[in-house]
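Notes follow once the structure below has been shown.
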Protein chains: 2
Amino acid sequence: MRYSAINLREKLALFSDHWSPKIIAQMNDYHFKLVKLQGDFVRHSHVATDEVFLVLEGEMRIEFGDGHVELKAGEMFVVPKGAEHKTCAAKECQVLVVEPAGTINTGDAGGAMTAPNNIWI
Amino acid sequence: MRYSAINLREKLALFSDHWSPKIIAQMNDYHFKLVKLQGDFVRHSHVATDEVFLVLEGEMRIEFGDGHVELKAGEMFVVPKGAEHKTCAAKECQVLVVEPAGTINTGDAGGAMTAPNNIWI
């Protein structure tokens, strides 16, 4: 059988839109997604799950009600289940997100920045 | 509250042993682990779970009964649940592994290369 590596840079080159996660792999019932961030996202939470951000290129910030964390390439953070958070990036930031399949990017907030949760690249 | 990024390079600098995964983060009931590979691991499978390998530095190979995949930095692969596989690396390779908390590195094979599954760094 032919087995193929998933190359993150090659996958990142396949899209340019912001705030719209693309699925690149599934592990059990979890998805690995690539997303490009630029500007401010909507504050939201995921009531049923933690959410992992691993920065591949650039810098991002995650703001909480009582503090924030700055992440640069090679850094990750686990947003705890239920924690209100807002992601933002002054310049484009490329991120690997890990979360359960079906997770909605805007969580409990909904609204115009809600993206499809089933786009594979 | 003070939130801190998890810096992969800083964590990798904290250990030098091979084939001994170190936990750096937990997302729900999954662990994110760093491991340094060099040489040949034991062929094994994980009967209950998929397993993700994301290469951070170097090159590795995963051999299956009917083929193999080569991974270099910036590439990942999901080993399917139940698939017999053997990891190997000619030179040291630094890898991020994602799998359920409690997963044993040697899976169903056991033996001398079995490492603790609960070491945080």
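The values are calculated or read from the model by the stated rules, or taken from the named source; none is laboratory data. Since we're looking at a predicted model, the values are computed, not measured. Counting neighbours? That spans all protein chains shown, and the Cβs are built from the backbone with ideal geometry, glycine included. With ligands, DNA and RNA removed, areas are computed over all heavy atoms of the protein, side chains included. Shrake-Rupley method; radii C 1.70, N 1.55, O 1.52, S 1.80 Å.
Annotation note: of B:Glu84, B:Glu59, the sole residue that is out of contact with any His (no Cβ under 6 Å at 6 or more places or on another chain), within 30 Å of B:Ser4 (Cα to Cα), more than 10 Å from chain A (Cβ to nearest Cβ) and surrounded by fewer than 18 Cβ atoms within 10 Å (Cβ to Cβ) is B:Glu59. Looking across the stretch B:62-77, the residues that are facing chain A (nearest Cβ under 8 Å) and either over 23 Å from B:Lys11 (Cα atoms) or assigned to a loop (DSSP other than H, G, I, E, B) (or both) come down to B:Ile62, B:Phe64, B:Asp66, B:Gly67, B:His68, B:Val69, B:Glu70, B:Gly74. Here the condition is being open to solvent by 20 Å² or more (accessible area, probe 1.4 Å) and touching a strand residue (DSSP E or B) at 6+ places or on another chain (Cβ under 7 Å); of B:Val97, B:Val78, it holds for B:Val78 alone. In the stretch A:38-55, how many are of a type outside the set (A, V, I, L, M), more than 15 Å from A:Met113 (Cα to Cα) and either open to solvent by 40 Å² or more (accessible area, probe 1.4 Å) or more than 13 Å from the chain's Cα centre (by Cα) (or both)? Number satisfying all stated conditions: 1. Among the residues examined, B:Lys86 does not qualify as within 17 Å of A:Ala25 (Cβ to Cβ) and at pLDDT 95 or above.
Residue-wise test of (1) assigned to a loop (DSSP other than H, G, I, E, B); (2) more than 7 Å from chain B (Cβ to nearest Cβ); (3) at pLDDT below 95; (4) buried (at least 16 other Cβ atoms within 10 Å of the Cβ).
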site: A:Met1; (1), (2), (3), (4): yes, no, yes, no
site: A:Lys11; (1), (2), (3), (4): no, yes, no, yes
site: A:Phe15; (1), (2), (3), (4): yes, yes, no, no
site: A:Ile23; (1), (2), (3), (4): no, yes, no, yes
site: A:Lys33; (1), (2), (3), (4): no, yes, no, yes
site: A:Lys36; (1), (2), (3), (4): no, yes, no, yes
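Taken together, B:Ala89, B:Ala109 contain a single residue that is touching a strand residue (DSSP E or B) at 6+ places or on another chain (Cβ under 8 Å), small (Gly, Ala, Ser) and assigned to a strand (DSSP E or B), which is B:Ala89. Which residue pairs have Cβ atoms closer than 6 Å, lie 6 or more positions apart in sequence or on different chains, and pair a first residue in the stretch B:42-56 that is more than 11 Å from chain A (Cβ to nearest Cβ) and under 9 Å from B:Val79 (Cβ atoms) with a second residue that is of a type in the set (Asp, Glu) and part of a loop (DSSP other than H, G, I, E, B)? Hits for this filter: B:Ser45/B:Glu84; B:Ser45/B:Asp108.
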